Amino acid sequence: MKTPLQAVLTVALLLAAPTGGTVERVEILLDMSADMWDELGGGPPRFIPVREALTDFAAASVQRQGRPEVSLRLVGGGKELTDGDWCSDTHLLFPFAITEPESYREALADLLPSGGRPLVRGLEEAIADLEGYEDRRRIVIITAGSDQCHGEVIKTIETIVASEPPIELRIIGIGLDRSVANAATTLAPTHNLFDLETLADTLKWALQPADTRPPVASRSEIRLTYGGEPVASAEIELTDASGSEKAYAAIENGSARVRVTAGRYLASIQLEQQRTVVLPGLVLGGSEDALQLDLLDLPRP
């Protein structure tokens, strides 16, 4: 049976095919902290269904031509929490290369989650790994939580999504804290899973190439709550980065539908009593799932 990291590499190599002669480089940032052994919703330890889903998905994939160069960076897994320097525990297990995953079997077989999660340090190193490349670049984060070394994950994500040349970022949360997931969702495409039966489909979404076809408008649902309770009524205005596309919708009983092309929008939400909430990086149109936001959890400007 393939190890979870071996399966991750298989998935990335089989699915992330570049177009137009450019080379796509995908850095997978994998949480290997001890938290990946925690149960999720009364089920098995988080790492076990992740391993199973990755293995099954990789085995079912069909090889494509034009495979990308893939690197794999671990966050945690190399030191115990009793070690004084575990906040530096991130390392590049495999550099960018077009590699047959079978050759990695022996190197990955004994990897087990342990220690803490220096996620910001891992992200900073991933950015450095991608320096010097001008073709298609992506970081895929698979994590059970936020940074455990007092790093500011959201600010680091803001730096990544504003990079030039651009770095695409996709996030898979394995039972992330709601406030962390909400804040990440406003900046980059994020799926936060509590039902790991959907993990295989989520991996396919994260590792498949970005859609290069002309953008097509589609309906997106926004669900808005405050402290877990649906917002009774509000108005939302969405503006894309160029300012050329705008959309308006009324939120009733905590829900609204808007028709937009996939992308990042500035959202202005007009609440009761003339209160306005502005979200500078709302990502819409990239998922069939409703975008759920709790205003109480969103970071303050």
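Key figures for this structure:
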| item | result |
| --- | --- |
| Complete set of residues in region 145-155 that are assigned to a loop (DSSP other than H, G, I, E, B) and open to solvent by 60 Å² or more (accessible area, probe 1.4 Å) | Gln148, His150, Glu152 |
| Residue in region 98-120 that is of a type in the set (Ser, Thr, Tyr) and at pLDDT 70 or above present | yes |
| Failed item, numbered, when Leu291 is tested on (1) over 16 Å from Ala188 (Cβ atoms); (2) crowded, with 16+ Cβ neighbours inside 10 Å; (3) modelled with pLDDT of 85 or more | (1) |
| Any hit, region 125-138, residues being closer than 27 Å to Val23 by Cβ, under 13 Å from the mean Cα position of the chain (by Cα), outside any loop (DSSP other than H, G, I, E, B) and modelled with pLDDT of 90 or more | yes |
| Pairs, first on the phi < 0 side of the Ramachandran plot in region 130-157, second surrounded by fewer than 16 Cβ atoms within 10 Å (Cβ to Cβ), C-beta under 6 Å, six or more apart | Glu134/Pro165; Asp135/Thr22; Arg136/Thr22 |
| Selected residue (criterion: surrounded by the fewest Cβ atoms within 10 Å (Cβ to Cβ)) from residues of region 117-144 that are out of contact with any Asp or Glu (no Cβ under 7 Å at 6 or more places or on another chain) and under 15 Å from Ser33 (Cβ atoms) | Arg121 |
| Considering residues of region 266-288 that are part of a loop (DSSP other than H, G, I, E, B) and surrounded by 12 or more Cβ atoms within 10 Å (Cβ to Cβ) only, the residue modelled with the highest pLDDT | Leu271 |
| Where Pro18 falls short, out of the listed (1) part of a helix (DSSP H, G or I); (2) modelled with pLDDT under 85 | (1) |
| Residue in region 33-54 that is surrounded by the most Cβ atoms within 10 Å (Cβ to Cβ), counting only those that are of a type in the set (A, V, I, L, M) and closer than 15 Å to Gly76 by Cα | Met36 |
| Thr82 vs. criteria modelled with pLDDT under 55, surrounded by fewer than 21 Cβ atoms within 10 Å (Cβ to Cβ) and more than 18 Å from the chain's Cα centre (by Cα) | no |
| Odd one out for Thr159 among (1) at pLDDT 90 or above; (2) touching a Lys or Arg at 6+ places or on another chain (Cβ under 8 Å) | (2) |
| Scan of region 245-265 for residues that are of a type in the set (A, V, I, L, M, F, W, C), at pLDDT 80 or above and crowded, with 16+ Cβ neighbours inside 10 Å, ordered by number | Ala247, Ala249, Ile251, Ala256, Val258, Val260 |
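The values are calculated or read from the model by the stated rules, or taken from the named source; none is laboratory data. Computed from a prediction, not measured in an experiment: that's the story for all the values here. Neighbour counts run over all protein chains shown; Cβ positions are idealised from the backbone, glycine included. Note: accessible area is taken over every heavy atom of the protein model, side chains too, but ligands, DNA and RNA are not part of it. Shrake-Rupley method; radii C 1.70, N 1.55, O 1.52, S 1.80 Å.
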